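Input: a single structure, listed below in structure tokens.
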């Protein structure tokens, strides 16, 4: 997860090209920012859940996982009113770490504390 300067094709194009191999199929919502995906070498399919589109019955498609993640981030940030744009990437990074490590359950806290309390090696710079 990362905060982008804006939501323009010129901004997301390089990110998509660096992250997704060409000739893949990319499923998105209908936001027009993704309209150039075919020009960039991708097959592009959209879903509109508002119209009940989820796939063909065999190949279900959704973008809800990422949308749900951003929704959780917004809820998590709500109590921290007035976060500066400067500090936002730090909040996003912490949220991403906790979100990705949630499968570790209580072990996460133990390993995080152990990591924080372990002194660095003597030859560390």
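Taken together, the values in this text are just the output of simple stated rules run on the coordinates, not laboratory data. Please read all numbers here as calculations on a predicted model, not as lab measurements. FYI the Cβ positions are ideal-geometry reconstructions off the backbone, even for glycines, and counts take in every protein chain you see.
Could you sort 15-24, 93-102 so that the peptide with the highest average Cβ count within 10 Å comes first and the rest follow in order?
93-102, 15-24
The modelled label-to-label distance between residue 23 and residue 112, using points 7 Å beyond Cα along the C-beta direction, is 4.2 nm. FRET efficiency for residue 74 and residue 51, Cβ-Cβ distance as r, R0 = 25 Å, nearest 0.05? Result of the calculation: an efficiency of 0.50.
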